[in-house]
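The values are calculated or read from the model by the stated rules, or taken from the named source; none is laboratory data. Treat the numbers as computed from the prediction; the structure is a model and nothing was measured. All Cβ positions, even for glycine, are placed from backbone atoms using ideal geometry, and neighbour counts span all protein chains on display. Surface accessibility is based on the protein's heavy atoms, side chains included, excluding ligands, DNA and RNA. Shrake-Rupley method; radii C 1.70, N 1.55, O 1.52, S 1.80 Å.
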Amino acid sequence: LYHNPPMDIYEMRKDYSGWILKHRFDPNNIAMEFPEMTREIRVNTQYTDDENDTSIHTARYYLCSIMSTRRAPDGESIEVILLLPSRIIAYNPKDNSSRTLLVLKKRVAVQDHKWYDVHQFTETLSWL
């Protein structure tokens, strides 16, 4: 579940001393191409039952989960692999492009606040 704030992608510094912000992107850009990820709810900010109350607003949120990141086919930029309710896509935040990797036959129930641990490499002291 993502509300309107931007999504950030960080990369660890080569000396492991901290993180570098690599990309910041707006999920609105993805939702324009894949509207099935958009949900809207009515929010009553005054907690009244009056339907004509002007304190009732529509809030938009997005159903998607970041599954992984990987190098894009150009070898320079990255792609974010996202699970949407009806497909899995690769999104390139550098040029704001996306492509469908897999159309799902059954709609996936992307759960609210579903997180995946996204790690390309794991350093260890023992043999795997």
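For the range 47-74, the set of residues classified as assigned to a loop (DSSP other than H, G, I, E, B), modelled with pLDDT of 65 or more and surrounded by fewer than 14 Cβ atoms within 10 Å (Cβ to Cβ) consists of 55, 73, 74, listed by residue number. Given the structure, is residue 35 modelled with pLDDT of 85 or more and surrounded by fewer than 10 Cβ atoms within 10 Å (Cβ to Cβ)? Yes, satisfied. The requirement of being farther than 17 Å from residue 36 by Cβ, within 16 Å of the chain's Cα centre (by Cα) and either assigned to a strand (DSSP E or B) or modelled with pLDDT under 80 (or both) is satisfied by residue 119. The set of residues from the range 76-104 being open to solvent by less than 50 Å² (accessible area, probe 1.4 Å) and part of a loop (DSSP other than H, G, I, E, B) comprises 77, 84, 85, 86, 93, 104.
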